[in-house]
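Each reported figure results from applying straightforward, stated rules to the coordinates on display, with no laboratory input. Remember, predicted model here, so these are calculated numbers, not experimental data. So basically every Cβ, Gly included, is an ideal-geometry build from the backbone, and we count neighbours across all protein chains shown.
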Amino acid sequence: MPNIRKVDLNADVGESFGAWKLGADGTLLSVVTSANIACGFHAGDPSVMEATVRQAVAHGVAVGAHPGYPDLAGFGRRAMEIPVDEVVSIVLYQIGALNALARAHDAKLSHVKPHGALYNDAAKDESLAAAVATAIARFDRGLTFVGLAGSAMKDAARNAGLRFAGEAFCDRVYRGDGTLAPRAEGGAMQLDPDAAARQATDIVVRRKVSTASGEEIDVEADTLCIHGDTAQAPAIACAVREALLRAHVAIVAL
């Protein structure tokens with residue numbers, strides 16, 4: 001039998017906070033296979049975290065921690081100068097917080113994916129990537145480290161004895177070096193559902209992604225991300241899932 005391509009679909013969810021509501025988590029969790037749940041530092045609060053865990057469990061979606069910099073005001077998208085040993089503690093703290101709520105609902109954490117600026121910084125900075133990996137390994141070496149495919153996070157995971165899942169994006173525009181176009185720049189998001197679905201299919205089936213300049217670069221991805229903080233997220237998630245199934249791709253959790 002020919003090898004069947006498979007991929008995980010993940011979404012960043014649980015990003016409401018107090019009276020501030022963000023995202024259509026219920027819809028996304030009915031489509032994706034893995035959930036990256038905000039842990040209170042860039043978004044989320046204990047009630048939101050627990051409600052999101054409950055929803056994920058109800059939909060049979062894998063539960064993962066989505067730790068970020070301590071930056072509620074900036075939604076974790078501002079780079080911060082933090083000593084690496086403190087980064088270890090910050091990430092470990094957030095994993096532990098979500099784990100407590102997951103255990104209360106008989107769920108086990110499956111993975112950890114950094115958020116926002118912490119993710120982007122760790123993709124380039126080996127010491128920061130190692131700090132994130134160290135925090136994950138100290139908590140549970142059975143967890144999967146989810147990070148940008150081909151980035152410094154892959155080596156950090158391997159050095160810490162962790163499984164690494166390379167991530168690619170349906171709804172972001174790529175640069176020629178494989179990094180993501182900064183959100184501060186215009187056109188950094190891929191918000192047309194059909195275009196996002198084509199990008200997802202190219203990544204999984206052809207192992208290619210088009211960049212902002214129009215060239216194609218190679219990408220190896222185990223999981224595809226759909227950001228939950230855009231109005232288009234539910235439509236993108238549905239379009240991506242349908243396109244992958246039409247391409248005979250199996251959609252399974254990590």
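Taking segment 6-251, how many lysine pairs are there with alpha carbons less than 29 Å apart, if each pair must be eight or more places apart or span two chains?
Close lysine pairs found across segment 6-251: 14.
Which value, in debye to the nearest 20, gives the size of the charge dipole of segment 6-251 about its Cα centre, when Lys and Arg are +1 and Asp and Glu are -1 at the Cβ?
Details: 23 positive and 30 negative charges, 113 e Å.
I would put it at about 540 debye.
For A184 paired with R207, estimate the spin-label separation in nm (one decimal), with each label point 7 Å from Cα along the Cα-to-Cβ line.
Inter-label distance under the simple model: 3.5 nm.
Choose one answer from A197, A19, A152: the residue with the largest mean-square fluctuation in a GNM of the chain with alpha-carbon springs under 10 Å.
It is A19.
Could you point to the label whose value was computed as Cα extents along the principal axes in Å for the structure here, given (1) 42, 40, 37; (2) 63, 38, 30; (3) 90, 40, 30?
(1)
For a footprinting-style exposure proxy, rank I251, I136, I95 by other Cβ within 10 Å, fewest first. Before the final figure, lay out the partial values.
On the way: I251 17, I136 30, I95 23.
With the fewest neighbours first, I251, I136, I95 line up as I251, I95, I136.
So, with +1 on the Cβ of K and R and -1 on the Cβ of D and E, and no other charges, what is the size of the charge dipole of segment 103-229 about its Cα centre, to the nearest 20 debye? All intermediate terms of the calculation are to be shown ahead of the outcome.
Values: 16 positive and 19 negative charges, 104 e Å.
That gives segment 103-229 a dipole magnitude of about 500 debye.
Considering the options A137, H115, L180, tell which one lies farthest towards the positive end of the dipole of segment 86-229, charges being +1 on Lys and Arg and -1 on Asp and Glu at the Cβ, about the Cα centre.
Of the options given, the answer is A137.
Note the full-extension length gain between D229 and N159 as 0.36 nm times their separation in residues minus their Cα-Cα distance, in nm to one decimal. All intermediate terms of the calculation are to be shown ahead of the outcome.
On the way: separation 70, 0.36 × 70 = 25.20 nm, distance 3.25 nm.
Extra length from D229 to N159 when fully extended: 21.9 nm.
In segment 136-168, which residues have a backbone nitrogen under 16 Å from the label point lying 7 Å from R103's Cα in the Cα-to-Cβ direction?
138-143
On full extension of the chain, what length is gained from H248 through A19, given 0.36 nm per residue of separation minus the C-alpha to C-alpha distance?
Numbers: separation 229, 0.36 × 229 = 82.44 nm, distance 4.16 nm.
The H248-A19 span can extend by a further 78.3 nm.
In whole Å, what are the extents of segment 60-130 along the principal axes defined by its C-alpha atoms, from largest to smallest?
Largest to smallest, the principal-axis extents are 36, 26, 20 Å.
Rank A65, A235, A131 by mean-square fluctuation in a GNM of the chain with C-alpha springs under 10 angstrom and give only the top-ranked residue.
A235
If you average the C-alpha positions of segment 60-84 and of segment 174-212 separately, how far apart do those two centres end up, in angstrom?
Using only Cα atoms to place each centre, the spacing works out to 22 Å.
Can you give the Kirkwood hydrodynamic radius for segment 118-186, in Å, rounded to one decimal and based on Cα pairs?
Working: mean 1/r = 0.0810 Å⁻¹.
So the Kirkwood estimate lands at 12.3 Å.
Taking the chain as a Gaussian network, where each spring joins two C-alpha atoms under 10 Å apart, which residue of E167, E242, E185 fluctuates the most?
Largest GNM mean-square fluctuation: E185.
By DSSP, what percent of the beta bridges with both residues in the chain are antiparallel, rounded to the nearest 5?
Numbers: 6 of 36 bridges.
Percent antiparallel among DSSP bridges in the chain is about 15.
Spelling out what I want: for every residue of segment 233-243, take phi, set θ = phi - 60°, compute 6.51 cos²θ - 1.76 cosθ + 1.60 (Karplus), and round to whole Hz; glycine and proline get x.
3, x, 5, 5, 4, 5, 5, 5, 4, 5, 5
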